[in-house]
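Data first, discussion second: the structure below is written as structure tokens.
The values are calculated or read from the model by the stated rules, or taken from the named source; none is laboratory data. Keep in mind that this is a model prediction, so the values were computed, not measured. Glycine also receives a Cβ, built like all others from the backbone with ideal geometry; neighbour counts cover every protein chain displayed. With ligands, DNA and RNA removed, areas are computed over all heavy atoms of the protein, side chains included. Shrake-Rupley method; radii C 1.70, N 1.55, O 1.52, S 1.80 Å.
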Amino acid sequence: MKVDSLFQLIDSNSEKILIQLGVNAEIAHMLNILILSVLIVLIAILFNYITKMVIIKIVKRWVDKSENEYDDIFYEKGVFNKLSHLVPAFVISRLAPIPLHSYPGTLKIVITGTNLYVLVIVIMVIFAVINALHEIYNNTPIGQKRSIKGYVQVVKAILYFIGFLMIISI
């Protein structure tokens, strides 16, 4: 059973159970939304923990076993760690519509906030990749003779500007 199907099942039944227990229908509806929202946050935290502890450790082992030094640089620059921040955002964006379907304004705020968070994380990942590529370049013989730090800074400034425009547009 999918997580969103399970949440829809909980959503449809938990309010009925609260009403059967003698809770006012309006209060039962609000409690249902609160319970499901807290559950979504807890699941997002759980998925974040799983991603950080399990997947990042697996990637670390893979990086340590690899003879390639490039993956070490990507790991040290935090590319994989920053990517792991996307998981809780996807959980929230996938599950938030279930309890908030009757409040489209609130749902829009949550989805917009999640989209902003994802955009910021993607920008951070891109910067980490640029930093890793810059370090890889600096470790080459030509990189030790010719610096491209100015070009890297220009690319980052352009990405900051594009990211800022994208954030404003959301």
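Annotations
- 0 to 90° range, to nearest 10: angle between helix 25-50 axis and the chain longest Cα axis: 30
- Neighbourhood net charge (15 Å Cβ-Cβ; Lys/Arg +1, Asp/Glu -1) for Val152: +3
- Projecting the Cα atoms of Trp62, His134, Ile73 onto the charge dipole of the chain (Cβ charges, centred on the Cα centre) puts His134 farthest toward the positive pole.
- Residue-averaged [θ]222 nm for the chain, counting only DSSP H segments that reach four residues, each worth -39500 (n - 2.57): -27500 deg cm²/dmol
- For Ser169, the solvent-accessible surface with a 1.4 Å probe is about 90 Å², rounded to the nearest 10.
- For the chain, carbon and sulfur atoms together expose 69% of the accessible surface, with a 1.4 angstrom probe and every protein chain in place.
- Relative to the Cα centre, the charge distribution of the chain, modelled as +1 at Lys and Arg Cβ and -1 at Asp and Glu Cβ, gives a dipole magnitude of about 400 debye.
- Accessible area (Å², per residue) of the chain, counting only protein heavy atoms and a probe of 1.4 Å: 66
- Furthest towards positive pole of dipole, Asn48, Ile10, His101, structure part the chain, Cβ charges: Asn48
- Degrees separating the helix 3-20 axis from the principal Cα axis of the chain, which is the longest one: 30
- Accessible surface ranking that places the most exposed of Lys60, Lys2, Lys149 first, with a 1.4 angstrom probe: Lys2, Lys149, Lys60
- Per-residue accessible area (protein heavy atoms, 1.4 Å probe) orders Tyr70, Tyr151, Tyr103 as Tyr151, Tyr70, Tyr103, starting from the largest.
- Placing Ser147, Ser12 in order of accessible area, with the largest value first and a 1.4 Å probe, yields Ser147, Ser12.
- Of the residues Asn131, Asn13, Asn32, the one that moves most in a GNM of the chain with alpha-carbon contacts below 10 Å is Asn13.
- Net charge in the neighbourhood of Glu76 (other residues with Cβ under 14 Å of its Cβ; Lys, Arg +1, Asp, Glu -1) is -2.
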